[in-house]
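Q: Sharing a structure, written as structure tokens. Questions coming.
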Amino acid sequence: MATVKLTEVFKQNRFTSKDNKYKIRSVYINPDFVICLREDERTLQALKEDKKLLPDGLDTRHQFTKLHINGGHGSFDITVVGSPDVIEEKLKNSNSTLLKG
């Protein structure tokens, strides 16, 4: 199983944390389970409107992509740093058959 290391942008659960700031962390994605990629304009807009929400290491020039992942028992979305084109290229280069057709 080849995985691709990406940087996820997320917020703490509002029920378990009072911290409203976005955070980043590394995630390892199996490209075989990625169903779709789309630009995440909502995250970008939120960060442009309130620069205090920006995590260290990011600025409003970054682009974000929402990945829809099918995990077998259900699906979920995550937001990662990078444009859809950049993320697609990283996923393609993992020697997977994702998005090659």
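The values are calculated or read from the model by the stated rules, or taken from the named source; none is laboratory data. Keep in mind that what you see is a predicted model, and the values were worked out from it rather than measured. We place every Cβ from the backbone using ideal geometry, glycine too, and count neighbours over all the protein chains shown. In case anyone asks, the SASA skips ligands and DNA or RNA and just uses the protein heavy atoms, side chains included. Shrake-Rupley method; radii C 1.70, N 1.55, O 1.52, S 1.80 Å.
Q: Collect the residues in segment 33-71 that are open to solvent by 90 Å² or more (accessible area, probe 1.4 Å) and of a type in the set (A, V, I, L, M), keeping them in residue-number order.
A: If the condition is that a residue be open to solvent by 90 Å² or more (accessible area, probe 1.4 Å) and of a type in the set (A, V, I, L, M), then 35 is the only one that fits.
Q: So, one more: So the check is Cβ under 6 Å with 6+ separation or different chains; which pairs have a first residue in segment 46-68 that's over 26 Å from residue 35 (Cβ atoms) and a second one that's assigned to a loop (DSSP other than H, G, I, E, B)?
A: 48/60; 53/21
Q: Right, another one. Looking at segment 76-99, I want the residues that are among the acidic types (Asp, Glu) and have a partner that is at pLDDT 95 or above with Cβ atoms under 7 Å, at least 6 apart or on another chain. Which pairs are those?
A: Listed by first residue and then by second, the contacts come to 77/66; 77/67; 77/68; 88/37.
Condition check ((1) within 19 Å of residue 70 (Cα to Cα); (2) not in a helix (DSSP H, G or I); (3) not β-branched (Val, Ile, Thr)) across all residues:
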site	(1), (2), (3)
2	yes, yes, yes
20	no, yes, yes
27	yes, yes, no
46	no, no, yes
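Q: All but one of (1) open to solvent by 30 Å² or more (accessible area, probe 1.4 Å); (2) not in a loop (DSSP other than H, G, I, E, B) hold for residue 9; state the number of the condition that does not hold.
A: (1)
Q: Hey, among the residues in segment 17-32 that are more than 18 Å from residue 5 (Cα to Cα) and of a type in the set (D, E, K, R), which one's most open to solvent (accessible area, probe 1.4 Å)?
A: 18
Q: Moving on. Quick check on my filter: what residues within segment 72-95 are hydroxyl-bearing (Ser, Thr, Tyr), modelled with pLDDT under 95 and surrounded by 14 or more Cβ atoms within 10 Å (Cβ to Cβ)?
A: 94
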